[in-house]
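K.L.:
Structure in structure tokens, see below.
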Amino acid sequence: MAQILIVEDEANIRRVLRKILVDVDNNINVSEAVDGVEAITMVDEKSYDLVLCDIKMPKKDGIEVLAHIQKVSPQSAVVMISGHGDLETAVKAMRMGAYDYISKPPDLNHLLQTVNAALQRTPAPKKKTKKIAVPKQYTMIGNSEAIQTIHNMVEKVAPTMARVMVQGPNGSGKELVARALHFKSNRSSKPFVEVNCAAIPSELIESELFGHMKGAFTSAHKDRKGTFEQAQGGTLFLDEIGDMSLAAQAKVLRALEEHKIQRVGSDKTIAVDVRVIAATNKNIKEEIAQNRFREDLFHRLAVIEIHVPALNNRRDDIPLLATHFLSLLTPKKELLPDAVDALQKMDWTGNIRQLRNFIERLHILGGHQISAQDVSTYTLT
């Protein structure tokens, strides 16, 4: 029997939550706490599968209760109850490790879907005895302060359920960050599915994400799973999400809130368990201000934000990157020190992708020892 604790100082809200939960499932045992102090006492005395916790309460608030639960009962899922104006605090709670949040007054369907998803989740392991290695081809190369900051964030965030928004210019390595988050999570044995939102026509994006049934439209000759289903249990990487239409954004938001999707041409809902990582090369705050991106979707996706700098802003990494890219090519060639110096002085508007392509060009056209003269000769003008 699932053990659920409701932590809420408003009696009416407690009563509504209890009635909703008990009426739909006889296998749920509901306990109540009227404030944060009582909740902490109850958590110390008993283990709960799920805690529904209000954010603003007397004596101790929801953030303090969440922090205590993570110390004494890390296996318990925590869903925050957010009132008007509490959104930033709810997002902060998810950064701390809360599973999700629901808004007041509680919506029946959203509440039940969130509770079911939280109870069915696979808890993260309490302790890892060794670090998980990222496959060599997806390793982020560099010793700059910016890259070390990203490495540290990945180590902290990967084991959690938190959704991540990766921001940075084209070719800067956003996909590598997404893959590192996947491989260092407890979902690493499950699929990593990538969707380039900018490359899919707006009229096809819904079918791509959610799948379709045979006959749903002219070219739908058979049933097809969408990327949400393909990534079941794993990670869905929505690259260039800033290019997604507002209509598609609304459907993604619904999938994130309900943990369910519906194929095009079907009235059946399908439960999905995926971690969503999004990436964009756009200034999302500006896109929101221009009404081109939904603010509610941003807050759902950007529990954690990771910013990947342009290569021009981390030139200290160019020697390592250039040497690494050259080592992947055969026959083996050498970069002379003056060539490395020349590379560090160039303008890399295309970022890592541009550097990698240029190293390949130098390998093909340059001598056995690649010099600054080779760099100058084969630079495109």
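Any read-out appearing in this document is the output of simple, stated calculations on the displayed coordinates, not a laboratory observation. These figures come from a predicted structure and were not determined experimentally. Here the Cβ is made from the backbone with ideal geometry for all residues, glycine too, and neighbour counts use every protein chain on show.
K.L.:
Under 13 Å from the 7 Å Cα→Cβ point of D107, by amide nitrogen: which residues of the range 257-286?
P.N.:
Residues 257-260 fall inside that zone.
K.L.:
Taking Cα atoms, how many degrees apart are the long axis of helix 351-365 and the longest axis of the chain, rounded to 10 and kept between 0 and 90?
P.N.:
So the inclination is approximately 30 degrees.
K.L.:
Short version: ³J(HN,Hα) in whole Hz for each residue of the range 259-275, in order, from phi by Karplus 6.51 cos²θ - 1.76 cosθ + 1.60 (θ = phi - 60°), x for Gly and Pro, what are they?
P.N.:
Those phi angles translate into 6, 9, 10, 9, 5, 4, x, 10, 9, 9, 8, 10, 6, 10, 10, 9, 9 Hz.
K.L.:
Can you compute log10 of I(q)/I(0) for the chain with the Debye formula, treating each Cα as one identical point scatterer, at q = 0.11, 0.13, 0.14, 0.15 Å⁻¹?
P.N.:
Listed by q, the Debye log ratios stand at -0.86, -1.09, -1.20, -1.31.
K.L.:
Could you please rank L52, L111, placing first whichever residue has the fewest other Cβ atoms within 10 Å of its Cβ?
P.N.:
Working: L52 29, L111 21.
Result, fewest neighbours first: L111, L52.
K.L.:
Let me ask something else about it. What does the convex hull of the alpha-carbon atoms of the range 311-377 project to on average, in nm²?
P.N.:
Values: hull surface 15.3 nm².
Taking the Cα atoms of the range 311-377, their convex hull projects to 3.8 nm² on average.
K.L.:
Looking at the square roots a ≥ b ≥ c of the eigenvalues of the Cα gyration tensor of the range 140-307, which shape do they give, rounded for a/c under 1.5, prolate if a/b is larger than b/c, or oblate? Please list the in-between numbers first.
P.N.:
Values: a/c = 2.02, a/b = 1.52, b/c = 1.33.
Prolate is the answer for the range 140-307, as a/c is 1.5 or above and a/b outweighs b/c.
K.L.:
Sticking with this one: Let me spell out the model: positive unit charges on the Cβ of Lys and Arg, negative unit charges on the Cβ of Asp and Glu, origin at the Cα centre of the chain. What dipole size does that give, in debye rounded to 20? Kindly include the intermediate steps, with their values, before the conclusion.
P.N.:
Values: 49 positive and 47 negative charges, 220 e Å.
In debye, rounded to 20, the chain gives about 1060.
K.L.:
What FRET efficiency do you get for T41 and T269 if R0 is 45 Å and r is their Cβ-Cβ distance, rounded to the nearest 0.05?
P.N.:
With a Förster radius of 45 Å, E is 0.70.
K.L.:
For a quick check: sort I306, I63 by the number of other beta carbons within 10 angstrom, fewest at the front.
P.N.:
So the ranking, lowest neighbour count to highest, is I63, I306.
K.L.:
For V72 and L320 in one chain, what is 0.36 nm times their gap in residues minus the Cα-Cα distance, to one decimal in nm?
P.N.:
Working: separation 248, 0.36 × 248 = 89.28 nm, distance 4.34 nm.
Extra length from V72 to L320 when fully extended: 84.9 nm.
K.L.:
Quick check: the angle from helix 174-183's long axis to the longest principal axis of the chain, C-alpha only, nearest 10 degrees?
P.N.:
50
K.L.:
Now for a separate question. Length gain on complete extension for the stretch Q290 to T330, per 0.36 nm per residue less the alpha carbon to alpha carbon distance? Intermediate results must be reported in sequence, preceding the final value.
P.N.:
Values: separation 40, 0.36 × 40 = 14.40 nm, distance 4.87 nm.
Net length gain for the segment: 9.5 nm.
K.L.:
Here's something else I'd like to know. Exposure proxy check: M140, M96, M57 ranked by fewest other beta carbons within 10 Å? Walk me through the numbers before you get to the answer.
P.N.:
Numbers: M140 19, M96 16, M57 23.
Exposure proxy ranking, most exposed first: M96, M140, M57.
K.L.:
A follow-up question, please. Could you give each residue of the range 141-154 its phi-based ³J(HN,Hα) in whole Hz, using Karplus coefficients 6.51, -1.76, 1.60 with θ = phi - 60°, and x for Gly or Pro?
P.N.:
These are the phi-based 3J(HN,Hα) values: 8, x, 10, 5, 4, 4, 6, 5, 4, 5, 4, 5, 5, 4 Hz.
K.L.:
Another one. If I fit a long axis through the Cα atoms of helix 11-24 and take the longest principal axis of the Cα atoms of the chain, what angle between them do I get, 0 to 90°, rounded to 10?
P.N.:
Taking the Cα atoms of the chain, the angle to 11-24 is about 80 degrees.
K.L.:
Taking a quarter of the surface of the Cα convex hull of the range 1-65, what do you get in nm²?
P.N.:
On the way: hull surface 15.9 nm².
Averaged projected hull area, Cα only: 4.0 nm².
K.L.:
Turning to a different aspect of this structure: Using 0.36 nm times the number of residues separating D61 and E10, minus their current alpha carbon distance, what extension gain do you get? Write out the running numbers ahead of the final one.
P.N.:
Details: separation 51, 0.36 × 51 = 18.36 nm, distance 1.34 nm.
Computed gain between D61 and E10 is 17.0 nm.
K.L.:
Given the DSSP H assignment, sum -39500 (n - 2.57) over each helix run of at least 4 residues in the chain and divide by its residue total; what's the result at 222 nm in deg cm²/dmol, nearest 500? Kindly include the intermediate steps, with their values, before the conclusion.
P.N.:
On the way: 16 runs with 157 residues, N = 381.
Using -39500 (n - 2.57) per qualifying helix, the result is -12000 deg cm²/dmol.
K.L.:
Out of residues 5 or more away from I370 or on other chains, whose amide H comes under 5 Å of its own, with H placed 1.01 Å from N in the peptide plane?
P.N.:
Placed amide hydrogens put E334, L335, L336 under 5 Å from I370.
K.L.:
To the nearest 0.05, how large is the calculated FRET efficiency for R95 and L204 if R₀ is 41 Å and r is the Cβ-Cβ distance? Walk me through the numbers on the way to the answer.
P.N.:
Numbers: r = 34 Å, r/R0 = 0.83.
That pair, R95 with L204, gives E of 0.75.
K.L.:
With a ≥ b ≥ c the root eigenvalues of the C-alpha gyration tensor of the range 2-120, is it rounded (a/c under 1.5), prolate (a/b larger than b/c) or oblate?
P.N.:
rounded
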